[in-house]
1. Taking N as the number of residues in the range 108-150, what value does Rg over Cα atoms divided by 2.2 N^0.38 Å take?
2. May I ask for the equivalent-ellipsoid semi-axes of the range 38-90, computed as the square root of five times each C-alpha gyration tensor eigenvalue and listed largest first in whole Å?
3. If I histogram all Cα-Cα distances within the range 74-179 using bins 10 Å wide from 0, what percent of pairs lands in each bin?
4. So for the range 1-120, taking the charge dipole from beta-carbon charges (+1 Lys/Arg, -1 Asp/Glu), which of THR17, LEU50, MET103 sits furthest toward the positive end?
5. Wrap a convex hull around the Cα atoms of the range 1-68, take a quarter of its surface area, and give that in square nanometres.
6. Let me spell out the model: positive unit charges on the Cβ of Lys and Arg, negative unit charges on the Cβ of Asp and Glu, origin at the Cα centre of the chain. What dipole size does that give, in debye rounded to 20?
7. How much solvent-accessible surface does HIS80 expose, in Å² to the nearest 10, with a 1.4 Å probe and all protein chains in place?
8. For the range 75-179, which whole percent of the accessible surface, found with a 1.4 angstrom probe, sits on carbon and sulfur atoms?
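The values are calculated or read from the model by the stated rules, or taken from the named source; none is laboratory data. All values derive from a computational prediction rather than experimental measurement. Heads up, the Cβs are rebuilt from the backbone with ideal geometry, glycines too, and the neighbour counts pull from every protein chain shown. With ligands, DNA and RNA removed, areas are computed over all heavy atoms of the protein, side chains included. Shrake-Rupley method; radii C 1.70, N 1.55, O 1.52, S 1.80 Å.
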Amino acid sequence: AFTQGLLFHDGKLYESTGLSNQSTLREVDLNSGAVLRKWSVPGSYFAEGLALFDGKLYQLTWQNEKAFVYDLNGDPKFFHKVGEFSYTGEGWGLTTDGHWLIMSDGTSTLRFLNPATFAVDHTIQVIKGDLPQDRLNELEYIKGEIYANIWRTDVIARIDPVSGRVVGMIDFSYLLPDS
């Protein structure tokens, strides 16, 4: 699987996998790795970020300007798409603070979206020091901060969701050998 979005909920992993003609949404048993439910995204879409909000899974697509919405608590064997939204630009990462869906598009801008309409309510510019921090990819909201991995690096930025300031960096380069 080419994992693009990942979240953990009620003992299960939910995974958005990418690549054209191969993108899926999966529910995976954490202990066995077995895929419990799977939805194959239509072939022309390259799936990306994933977030859970109010019993629904929201899945972005990379360059198709489309988000899909699925009922988390429906059929225990299949995912059912219950909606979709359009947006402009690329879709990379998605998370929620419990009020907004927060979306990245590979730039230094994060969009705060209304979950009912997918309309942009507001944006923040992510700044590290005095410079914009771009290549913001998959997002997580943890204890009042937005965590964003920086694409093509081993670093995760910790971002203040109000000011957009990078308040810390987590370096994971030691996890893999140099080779």
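1. On the way: Rg = 11.4 Å, N = 43, 2.2 N^0.38 = 9.2 Å.
After normalising by residue count via 2.2 N^0.38 Å, the value is 1.24.
2. On the way: eigenvalues 76, 30, 13 Å².
So the three semi-axes of the range 38-90 are 19, 12, 8 Å.
3. 14, 43, 28, 13, 2
4. Selected residue: THR17.
5. Mean orientational projected area (the range 1-68, Cα hull): 4.2 nm².
6. Approximately 260 debye in magnitude.
7. 90 Å²
8. Answer for the range 75-179 is 54 percent, counting heavy atoms of protein chains only.
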